[in-house]
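Visitor: First the structure, which I've put down as structure tokens, then a few questions once you've had a look.
Nothing in this text is a laboratory measurement; each read-out follows from the coordinates by a stated rule. If you're wondering where the values come from, they're calculated on a predicted model, not measured in any experiment. Neighbour counts are summed over all protein chains in view; Cβ atoms, including those assigned to glycine, are modelled from backbone coordinates with ideal geometry.
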Amino acid sequence: MKKSFENTNNTKKFFIRAPHKFTLKSAFIISVIFVVILALGYGSVMFFSKNTAKAEGKSVYCAENGKIDYEVAITKNQEGLPNILESNMSYVSSLINTVNLKFSYDLFYDRSLEHGSKYKILADFFIVDKKSASENGDNVLMSFTDEIYSAERYVETSDRISLTKEISIPYRKYNKLAEEFSEKNNIDIDSYVNVRIVINTDGKSENIDSMDRKTEFYLKIPLCSKTIDIDETHSKVNESFVFDAYIPNVRNISLGIVCLILAVTIIAMECAIISAYIPKYKDYYKKLNSIFRNYSHIIVKIARSEESFEKMINEEIPVRYVKNFEDLALLSGILHEPIKCCSERDENIVYFILDNANFERYIYVMQNDDE
């Protein structure tokens, strides 16, 4: 039994912290850190999203223009009429044989560079219910697309792309198809062919990821009417545009990396703080709960402050420190005295105190590393 007791005036070694309690102050600190992490994360995302800057003098300025010219070829043996009619006229649809197109397209760069192009000529055929079209918008009854022509130019180096092509559109074939549909279904229709030019160009220049561009323009040719006027509204293109060049923005990238490192560091600190403040219900609390559960009949809880405890151990009463609670409980049974229990509010340490009639005081300190 004597081995379980120890006289000492050095009480500080018994002041060992138990796991911290999670307080309102702790929650506030963690919330502030969480907001800082969010701010740094947002800043990192914003900096990385702006990781490029426009390269001065590297952008490529471009201008394109294109148009579709046409003339109308009529069927032969029409007295008093030339075989070819000029554009911008009204035409008798039954006399038209073909519509002869000539399209031209030019794309100008402000410098010589490597480029390529391909294009195709499409005929989009439409038959629309005339009544529904006037009331509710186009009600397409029949449609299809014919590829009239396609071509691809090999890659070359220059400051210009220039394309031209002459081709005949078989107007008579499409017109006949529309008339037969109308007669067969006995409905009043609108029909037309959009002759569409689709041009795809690309190029390569320093600090420019992509110079791909798609351009379309078309000529609308009415069908199945006594007379027609060819619509040239969308038969031309004339635009200027810029392919911007970008270089890495070293400043934003660096700031993004700094924000990311700070965010990761603070997250690690946050995890450490949370793990320190959330109670660790392991051996310490298991032992403490076991004591209160098994010896509650001999334990009396009392309130105290650190000053009162310091005063208690500094009195002229012999103090013996007990190394385990079981010995203190055994002494309580021998002396027929209850065990006083008090805890340090700030340091969260539990003290068990036993006084006897001989003015001896036995103290057991519940420590976090108690076995």
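Visitor: Between GLU183 and LYS25, how many nm apart are label points set 7 Å from Cα along the C-beta direction?
Guide: 9.9
Visitor: Something else now. Say each of ILE247 and THR233 gets a label point 7 Å from the Cα, pointing the same way as Cα to Cβ; how far apart are those two points in nm?
Guide: Placing both labels 7 Å beyond Cα along the Cβ direction yields 4.7 nm.
Visitor: On to the next question. Taking a spot 7 Å from the Cα of SER254 along the direction of its beta carbon, which residues of segment 48-64 have an amide N less than 20 Å from it?
Guide: From segment 48-64, the list is 48-56.
Visitor: Could you tell me which of the pairs LYS287/LYS323; LYS76/LYS226; LYS50/LYS236 are separated by over 26 angstrom between their Cα atoms in the structure shown?
Guide: LYS50/LYS236
Visitor: To continue, here is another question. Would you mind classifying segment 135-221 by shape? Square roots of the alpha carbon gyration tensor eigenvalues, ordered a ≥ b ≥ c; an a/c under 1.5 is rounded, otherwise it is prolate if a/b is larger than b/c and oblate if not. Let's see the in-between values first.
Guide: Working: a/c = 4.33, a/b = 2.41, b/c = 1.80.
Since a/c reaches 1.5 and a/b is larger than b/c, the shape of segment 135-221 is classed as prolate.
Visitor: Full-extension gain between SER150 and ALA63, please, as 0.36 nm times their residue separation minus the C-alpha to C-alpha distance.
Guide: Length gained between SER150 and ALA63: 29.0 nm.
Visitor: Convert each backbone phi in segment 213-229 into a coupling constant with the Karplus relation 6.51 cos²θ - 1.76 cosθ + 1.60 (shift: θ = phi - 60°), then list the ³J(HN,Hα) values in order as whole Hz, x for Gly and Pro.
Guide: For segment 213-229, the Karplus-derived couplings read 8, 10, 10, 9, 8, 8, 10, 9, 10, x, 10, 6, 9, 5, 10, 10, 10 Hz, x marking Gly and Pro.
Visitor: Just subtract the alpha-carbon distance of LYS287 and GLU166 from 0.36 nm times their residue separation and send over the number in nm, one decimal.
Guide: Full extension of this stretch gives 33.9 nm more.
Visitor: Let me make sure I get this right: for segment 89-196, a, b and c are the square roots of the gyration tensor eigenvalues over alpha carbons, sorted descending. Under 1.5 in a/c it's rounded, otherwise prolate if a/b > b/c, else oblate. Which is it?
Guide: Prolate, since a/c reaches 1.5 and a/b exceeds b/c.
Visitor: Please list 3J(HN,Hα) in residue order for segment 170-180, calculated via the Karplus relation 6.51 cos²θ - 1.76 cosθ + 1.60 where θ = phi - 60°; whole Hz, with x for glycine and proline.
Guide: x, 4, 4, 5, 5, 5, 5, 4, 5, 5, 5
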